[in-house]
1. Which of rounded, prolate, oblate describes the stretch 279-385, given a ≥ b ≥ c as roots of the alpha-carbon gyration tensor eigenvalues and a/c under 1.5 marking rounded, otherwise prolate only if a/b is larger than b/c?
2. Taking only the alpha-carbon atoms of the stretch 23-167, what semi-axes of the equivalent ellipsoid follow from 5 times the gyration tensor eigenvalues under a square root, in whole Å, largest first?
3. Order 403-411, 313-321 from most to least packed using the mean count of other Cβ atoms within 10 Å.
4. If you average the sequence gap of Cα pairs under 8 Å that are 6 or more apart and divide by the length of the stretch 217-272, what percent do you get for the contact order?
5. Please list the three semi-axes, largest first and in whole Å, of the ellipsoid equivalent to the stretch 118-235, using sqrt of 5 times the eigenvalues of its alpha carbon gyration tensor.
6. Which far-off residues, 5 or more places away or on another chain, put their amide H under 5 Å from the one on Ile30, with H placed in the peptide plane?
7. Taking Cβ-Cβ under 4.7 Å as the only way to count a partner, pick out the unpartnered cysteines of the chain.
8. Please state the equivalent ellipsoid semi-axes for the chain: what are the square roots of 5 times the Cα gyration tensor eigenvalues, largest first, in whole Å?
Amino acid sequence: PSKYGSLWPLPQKVQISDVSYKLSSSNFRIVDGKLSYADPSCSLLQDAYRRYFDYIFGLTRKHGPKSGRTGPSELTELQVWITSPDTECDGYPSLASDESYELSVQLPYAVLKAPKVWGVLHGLETFSQLVYEDEYGVKNVNSSEINDFPRFAHRGILLDSSRHFLPVQVILDNLETMAMNKFNVFHWHIVDDPSFPFMSKTFPQLSQKGAYHPYTHVYTPADVKKVIEFARVRGIRVIPEFDTPGHTQSWGKGQTDLLTPCYSGSKPSGTFGPVNPILNSTYDFMKQFFKEISTVFPDAYIHLGGDEVNFSCWKSNPDIQKFMTDHGFGQDFSKLESFYIQNLLDIVTTTNKGYMIWQEVFDNGVKLHPDTVVHVWIGGKSNEEMHNVTAAGYTTILSAPWYLDYVSYGQDWRRYYQVEPLGFNGTETQKKLVIGGEACLWGEYVDATNLSPRLWPRASAVAERLWSAMDVTDLGDAWNRLSPHRCRMVERGVPAEPLFVSYCPREYN
Ligand SMILES: CC(=O)N[C@H]1NC[C@H](CO)[C@H](O)[C@@H]1O
């Protein structure tokens, strides 16, 4: 067993003594401290207190008789104290959010102190991870001192709801599990080639024609709001990705002139390629569409994609060829791609949003806004890419080593755990531009039936890499904490697959 019990991700500074206190559901409560700037009107906290009380005592908590009498070493209260006047209780988490907290578990009260609600949420999760059952089935917690904050600010999970539709409940369940692992970004790869499930008010025919089914396989505006609020009250940002100009086949079903008609010889072949970059109608559409997107999603950033653009269709189209000649692009289609992306970025900038883009946009020399976040995903030489992107001065996030949709036999969590995001060669200035990373679970082979077991606990390895100190790398200690952490997720109802041979005191059922 680890001297840090089953804490996951490992806090920055933690001391756990061997003095244990008992706590019972009839004599323990989580309350706003007297000096806290938060009061019971902050429902984000009130809901969290109840959620974590249920996690600690299990939904089967016995309403034992209010004994009133408290034992000699019984912990009766966890007092929550928000120390800054602006608690951000009604706000949205952002890249700059203060997520730090201090947790002191002593008699007679445990105290959780944090500047903002985001640190309280993390502190409640950590407190719930300190509680264990002794051999009599009594809940215990040892006196502890914890001082914690994340190493990286952007700690995300990408889900793909286009290759397979993901029912809203599956997305909410995943947000819940993300919070148990202190992830704070849900990168919603919401549409792609096979389906367009996002219901747009401005262009309803996009999902009408582009979704797998126009009302059983769509996200209504209410669904989207529900996901955003559910994530907010767990300290999780929702960053939507509307990927163009490639990965847009489903867009063309509803917006018939949007995609490039491919030619075979002198005639259209009937198939379509990337967004047509030479029509004014394309940019009129994008202007209206991204104006709506900027109002639907409150986060400061949206992800514009830009990955894997296939040039063969553009090459086959005579109008495109003429455009290339007129603009002096020769046969360099990455110039045409840059032309498109440049126009798109200018459009999105007018909506006052920052944007993230996949690395090809940077690789193809597109002029980017200084606050652009470049998303490094291509496997192989990602350390070289991290060097190049940060040397160019761009904020960067890393996904390349964390494509969890690639499955294999064995304990691949260990490989994810051994990634060091700053392992590339570069100056301190360059390293500071790396704000974190994302584990990606693309949907070609994933839907509601296998999302959780495929994502968890493998993604938990990424969670610790992005939260804990750089020198937390011991795989043996990680196993000793992650194995019980996985069982805790199972106990909380998450069908998280096993890491390797072992057992859980309470197995999944
Ligand atoms: C940025 C990116 O990853 N683009 C594609 N690359 C391969 C993935 C599957 O592993 C998905 O198909 C994804 O759409």
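1. Values: a/c = 2.22, a/b = 1.19, b/c = 1.86.
Oblate, because a/c is 1.5 or more while a/b does not exceed b/c.
2. Semi-axes from the Cα gyration tensor: 29, 20, 15 Å.
3. 313-321, 403-411
4. The normalised contact order for the stretch 217-272 reaches 17 percent.
5. So the equivalent ellipsoid measures 38, 15, 11 Å along its semi-axes.
6. Amide H neighbours of Ile30: Leu78.
7. So far as the 4.7 Å Cβ criterion goes, Cys440 stand without a partner in the chain.
8. Result for the chain: semi-axes of 46, 23, 21 Å.
The values are calculated or read from the model by the stated rules, or taken from the named source; none is laboratory data. If you're wondering where the values come from, they're calculated on a predicted model, not measured in any experiment. Positions of Cβ are generated from backbone atoms using ideal geometry, with glycine treated the same way; all protein chains shown enter the neighbour counts. Each accessible area value is taken on the protein alone, full model and side chains, heavy atoms only, with ligands, DNA and RNA left out. Shrake-Rupley method; radii C 1.70, N 1.55, O 1.52, S 1.80 Å.
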